[in-house]
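Trainee: There's a structure below that I have some questions on.
Any read-out appearing in this document is the output of simple, stated calculations on the displayed coordinates, not a laboratory observation. Everything numeric here is computed off the predicted structure, so don't read it as measured data. Because the Cβ atoms are built from the backbone with ideal geometry, glycine has one as well, and the counts that use them run over all protein chains shown.
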Amino acid sequence: MKSTFKNHFLILTISMGVFASVMSTSMLTIAFPDIVSDFNISYETLQWRNILFFALFAVGLPFFGKTADHFGARRQFFTGIVLFALSTLCSGLTRDWNFFLIFQSLQGLADSMIVPVQVIFIRQSFPENKIGWAFG
């Protein structure tokens, strides 16, 4: 019974990390008109946010996949969550476009720290016949 509770708690924790990541980008997309207005920028300029976010996310995935093996998945997961939360908070509080880009870039980097360790957690915590359920 404890093992089942532990596995469900792990899945809930991983899901919250995925949810935060996906929702932050989705919610930001909804806020694009306000961002353009508040920072007095064009939609073309706004695309720099997406370019930086997704470039750092893509480049960071293999790098942080390797560092998780070396430094530990748990440590990297919590570091990524803290960086993600702080960069999100700072993104919402800044009134400077350049700082907004920096904080959003850090958020992409934090996402790239979180995603690979989720796979590690599932692979390490579930038997082969339950991995499909855990990923689902």
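Trainee: When only C-alpha pairs under 8 Å and at least 6 residues apart count, what is the relative contact order of region 33-136, in percent? Mind showing how you got there, number by number?
Mentor: Details: 92 pairs, mean separation 37.4, N = 104.
Result for region 33-136 is 36 percent.
Trainee: Then there is this: Among Arg74, Arg95, Arg49, what is the fewest-to-most ranking by other Cβ atoms within 10 Å?
Mentor: Listing Arg74, Arg95, Arg49 from fewest to most nearby Cβ atoms yields Arg95, Arg74, Arg49.
Trainee: Hey, another quick one. In degrees between 0 and 90, to the nearest 10, how far off the longest principal axis of the chain does helix 97-125 point, with axes built from Cα atoms?
Mentor: Its long axis makes an angle of about 10 degrees.
Trainee: Taking neighbour Cβ counts within 10 Å as the exposure measure, how do Thr29, Thr67 sort from fewest upward?
Mentor: On the way: Thr29 10, Thr67 18.
Ascending number of Cβ neighbours within 10 Å: Thr29, Thr67.
Trainee: Whole-Hz ³J(HN,Hα) for each residue in region 84-94, computed from phi via Karplus 6.51 cos²θ - 1.76 cosθ + 1.60 with θ = phi - 60°, x for glycine and proline: what do you get?
Mentor: For region 84-94, the Karplus-derived couplings read 4, 5, 5, 5, 5, 4, 5, 4, x, 9, 6 Hz, x marking Gly and Pro.
Trainee: On to the next question. Given the DSSP H assignment, sum -39500 (n - 2.57) over each helix run of at least 4 residues in the chain and divide by its residue total; what's the result at 222 nm in deg cm²/dmol, nearest 500?
Mentor: Calculated from helices alone, the mean residue ellipticity at 222 nm is -30500 deg cm²/dmol.
Trainee: Continuing with this model, one more query. Once you have all Cα-Cα distances for the chain, histogram them in 5 Å bins from zero and send the whole-percent values.
Mentor: So the P(r) values, bin by bin, are 2, 10, 18, 20, 17, 12, 9, 6, 4, 2, 0, 0.
Trainee: I would also like to ask the following. Based on other C-beta atoms within 10 Å, arrange His8, His70 from fewest to most. Display every interim value, and only then the final one.
Mentor: Details: His8 10, His70 7.
Going from sparsest to densest Cβ surroundings: His70, His8.
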